[in-house]
Each structure stands twice: as structure tokens, then as C-alpha cells.
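Take a look at the structure set out below.
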Amino acid sequence: MNGDVVADHGLWFRVESSSAASGVRRAAERLGAQLELGERRIADLAIVAAELTSNLVKHAQEGVLLLRPVRRAGRAGVELVAIDSGPGMADLTVSSQDGHSTTGTLGIGLGAIARQASWYDGYSRPGRGTVLAVQVWSGPAPAESWAGGLVRPITGEQVSGDGYAVRIAEERRQVLVCDGLGHGPLAAAATEAALRAFRTAPVGPPGAVVEHLHRAITHTRGAALAVAELDRAAGLLRYAGLGNIAAMIVVAGERRRGLVSLPGIAGHQRPVVREYDYPFAADATLVMHSDGVVDRWDLADYPGLVERAPLVTAATLLRDAGTRRDDASVLVARASS
């Protein structure tokens, strides 16, 4: 990091040794200082980072950790997401209690994380691995977000051409997933232009927002993108997409329903934009992802996952369905959150 500011999309670390763990801790402390969390909370953050990475080194397979700022309601905190592929735990709640251990250690790691964190959630299955998401704020944590996501660059790149954004505009709950054409800095620039335009777009339904984004990124190489709006009062999801962004509505006990994105590239030529309405019950989940995530996942294979935070669901799907041969992004949103 060399003291640089961590961008909102964050930094990924592969955690396989204690040397990597110390690097994560130092990076987290620097980010906490940049966000002015205060000495006490930065010390708590250091404990969280040390315990998360220690767990990855001691117990995990293919352990990685994402460090990034998290912003909500005009405030900023630090978020860490630890992901591994095994061996997993049968009961994460029991494993989070002080004194519980599966390897003869003191077993205080997860308990220490829960105590120092402002917000904490996770999911684990034996043989499948564990996802732990932690936030540290200077004061009480804001309310849990109704949407969450992650972005990971293709192997060998430092930046990703994928991205996502979440906004509430005059009570319209809207999300964007974007995939800049290609990889690397130019793809990332296209996506960053789309994210900026989305956050400041005039209030309107998804179709109008997609039209706005198309006009706003004509100076870039272009992108596939989709905007969804969750209308809880009407029990509807409104959706408009261009290109290869996948989107599905998932309801327990039912087959997932794919949403329609039209062919086209935002920012290039004059694409046809159409908006579609879909039923979206109170217990429904929206999953959107780029083509860096294969679409053969099934939430029914993950008992209890839909009860976890959207961020934890997104991280689990990215771990199991994401490909290293492309940029990858996953966003999950829920009507009930």
C-alpha cells in the first residue's frame, strides 16, 4: 500500500502466512487513521484484522481478505471480509464463543472479533468454508444495509473493470452492476464513470437511469450494465439492463427467475432500453453479477444463507462461482432488509 488511500472498492490480500497477516493489520491501521476512527477504535481494528488473518493462516484453505472503507449516512468505517474454502464450521455461533477450539488453541479468535467489531456476520458450512464480514466504526454501526456486494479483479490486475453501486433517491431503492469492456485501467475507468453518473443521476425509474448512464459514459470504451429498483410497497422489482449482466430473483422453494437484459453496450451507438417489472415478495432476494461469475449457483445449496447479510451472501457466491479468468462482481439485495 505504501501509505496510499484505499479506494472504496478496496484491496484484496491472499493470506497464507503470518507475514501476509502482519501486512493486513498494518494496512487496516493506516485505513483507520485515514478515516479518523480514533486511537481506541484503530486499536480494536488491529485486533480484528490480526484475528481474522490468524484464523485464515491456521485453519483456512485458499484464504483471502478484502479490506475497504464502508460509507453510510455521511459516516465512514472500515470493513474486512475474510473468505476461505474450508474446512468450515458446523455452528458459527458456537465457534464464536470464547474457549471453543477445533485445533487445540485457546479458541478466543472469533469471540475477540465479535467483541471488537461494530457489526459482524458470517456463514460457514463443513467442507465448504467460511465467510466472515466485520465492520469497525468510530461510534455505533449504522443499520444493516439492504444491499451488499463485492468486486474482484482478474488474476494479475490491480484494478477491476467491474463495479456496483447502491442508492436511495427520493425513496427509490436502486442498485447498479457494471462491467466495463475488457480488463485493466480502461475498463475500470468506464465503470467508475458509470458509478459516478449513477450516484448523481436524476431521480427516475431504472429505464431512465440506464439512458442517463449511456449518455454519461460515451467518452469511455463502454460497459454492460443493469439497474434494478426494489419497490417494497408495490411488491415489484423494476429492471433495465444492457449487455451481459446476469440478474435473478430467488424465493425459497421456487425456481429462480432470470431477468431480461437487452443486447447492447452503454456508451456506444444508440442501444434499445426497455424496463421490465417483476413480482418481488417480501421474502425475495435479488442477485446480480457480471459474466466473471458462472450462473450455475443455487442458493438452495446453502441452508440458512438467505438469512445472513446481503454482503455475506454475495461473498459466498463470489467464492464458489467466481472465475479467476475475468473480473468478477456480485451484488445481493433484499426487500425485507
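Observations on the structure shown:
- Of the residues making up segment 139-152, those that are at pLDDT below 95 and not hydrophobic (A, V, I, L, M, F, W, C) are Gly139, Pro140, Pro142, Glu144, Ser145.
- Count of segment 24-59 residues which are under 17 Å from Ile83 (Cα atoms) and touching a strand residue (DSSP E or B) at 6+ places or on another chain (Cβ under 8 Å): 8
- Identity of the residue in segment 175-203, in contact (Cβ under 8 Å) with a residue 24 or more places away in the chain, closer than 20 Å to Arg238 by Cβ and over 20 Å from the mean Cα position of the chain (by Cα), that ends up most open to solvent (accessible area, probe 1.4 Å): Val203
- Long-range neighbours under 6 Å by Cβ, at least six apart or interchain, first residue farther than 17 Å from Ala165 by Cα within segment 304-323, second among the aromatic types (Phe, Trp, Tyr): Leu305/Tyr123; Arg308/Tyr123; Thr316/Tyr123; Leu317/Trp297; Ala321/Trp297
- Looking only at residues of segment 1-19 that are outside any loop (DSSP other than H, G, I, E, B) and within 22 Å of the chain's Cα centre (by Cα), we find that the one that is nearest to Pro140 (Cα to Cα) is Leu11.
- Check on Ala43, open to solvent by 20 Å² or more (accessible area, probe 1.4 Å) and without any contact (Cβ under 8 Å) to a residue 40 or more places away in the chain: yes
- Ala208 being buried (at least 20 other Cβ atoms within 10 Å of the Cβ) and at pLDDT 95 or above: no
- Hey, Arg125 at pLDDT below 95, closer than 24 Å to Val293 by Cα and basic (Lys, Arg) or not: yes
Residue by residue, here is whether (1) over 21 Å from Leu311 (Cβ atoms); (2) in contact (Cβ under 8 Å) with a residue 40 or more places away in the chain holds:
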{"site": "Gly243", "(1), (2)": "yes, yes"}
{"site": "Ile249", "(1), (2)": "no, no"}
{"site": "Pro263", "(1), (2)": "yes, no"}
{"site": "His268", "(1), (2)": "yes, yes"}
{"site": "Pro279", "(1), (2)": "yes, yes"}
{"site": "Asp283", "(1), (2)": "no, yes"}
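- Taking first residues from segment 51-63 that are in contact (Cβ under 8 Å) with a residue 12 or more places away in the chain and within 11 Å of Leu110 (Cα to Cα) and partners that are surrounded by 17 or more Cβ atoms within 10 Å (Cβ to Cβ) and among the acidic types (Asp, Glu), the Cβ contacts under 9 Å between residues at least 6 apart in sequence or on separate chains come to Asn55/Asp84.
- Matching strands (runs of 3 or more DSSP E) fully within segment 248-337 where at least 2 residues are open to solvent by less than 20 Å² (accessible area, probe 1.4 Å) and over 15 Å from Leu230 (Cβ atoms): 328-334
- The residues of segment 27-40 that are open to solvent by 10 Å² or more (accessible area, probe 1.4 Å) and either closer than 25 Å to Ser160 by Cβ or without any contact (Cβ under 8 Å) to a residue 24 or more places away in the chain (or both), listed by number, are Glu29, Arg30, Ala33, Gln34, Leu35, Glu39, Arg40.
- Screening segment 54-82 for residues that are more than 16 Å from Pro140 (Cα to Cα) and over 19 Å from the mean Cα position of the chain (by Cα) and picking the one that is surrounded by the fewest Cβ atoms within 10 Å (Cβ to Cβ) gives Gln61.
The values are calculated or read from the model by the stated rules, or taken from the named source; none is laboratory data. Everything numeric here is computed off the predicted structure, so don't read it as measured data. Glycine also receives a Cβ, built like all others from the backbone with ideal geometry; neighbour counts cover every protein chain displayed. The area values use the complete protein model at the heavy-atom level, side chains included, leaving out ligands, DNA and RNA. Shrake-Rupley method; radii C 1.70, N 1.55, O 1.52, S 1.80 Å.
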